[in-house]
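Below is one structure, written out as structure tokens; the observations come after it.
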Amino acid sequence: MKTAALVIAAMACQTSALSAPKQETGRRQALGWMGAAAIAIAAPQQAEATAAKTGAASPFTGDYDDPNHPSCLRQVKVVGAPQRADGSRSAYPLIEVIGYDATSGTTCTDRPTRADLWKAQGTVKSNTEASIDFSAKGGPANLVARFEDGGIVFPDGNKWTKLVLPSNDRRPKDMSTLKSN
């Protein structure tokens, strides 16, 4: 409704200025008014869009406990979208999952080395939904992950629970934090 009112107001200004006998209105001025109207139309739509949060502000960011791989590393980070060649960025931030699976069985009893880690990436569609590509470790591509009730829920029902106090025992011995590559 506001958008329609702004367009009507801009057109009324343009019409009155063009028909005013004492004031000359050039083509550039008329185009300027039309440009202002176009911005007024686009601005409310952009303001209503909700950007997915990145870094520590994202609900996805953190360390998790995977019931299918107890005590194994599951670290999730949400980082800004990379810059494209034209200088723009995607509206969807990247999600990075770094993990380690036990060398025998499903429970991790040993600390991994950096070479033991696997990495999956995807995009965050909103603060509650992401699409992650696990194909590098033999899993599905474009797996939908939802942040619900303090954890990440996957379509098969598996829920990774976010850890309040992450443990360095799950990370490689030579580092306490993992950095994005």
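We did not get these values from a lab; they are worked out from the coordinates using the rules stated. Keep in mind it's a predicted model, so treat the numbers as computed, not measured.
Could you work out how much longer the chain between Tyr92 and Thr109 gets when fully extended? Use 0.36 nm per residue separation minus the Cα distance between them, nm to one decimal.
Fully extending the segment from Tyr92 to Thr109 adds 2.5 nm.
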Using θ = phi - 60° and the Karplus relation 6.51 cos²θ - 1.76 cosθ + 1.60, list the HN-Hα couplings for region 158-169 in order, rounded to whole Hz, with x at every Gly or Pro. 5, 10, 7, 8, 6, 7, 6, 10, x, 10, 5, 5
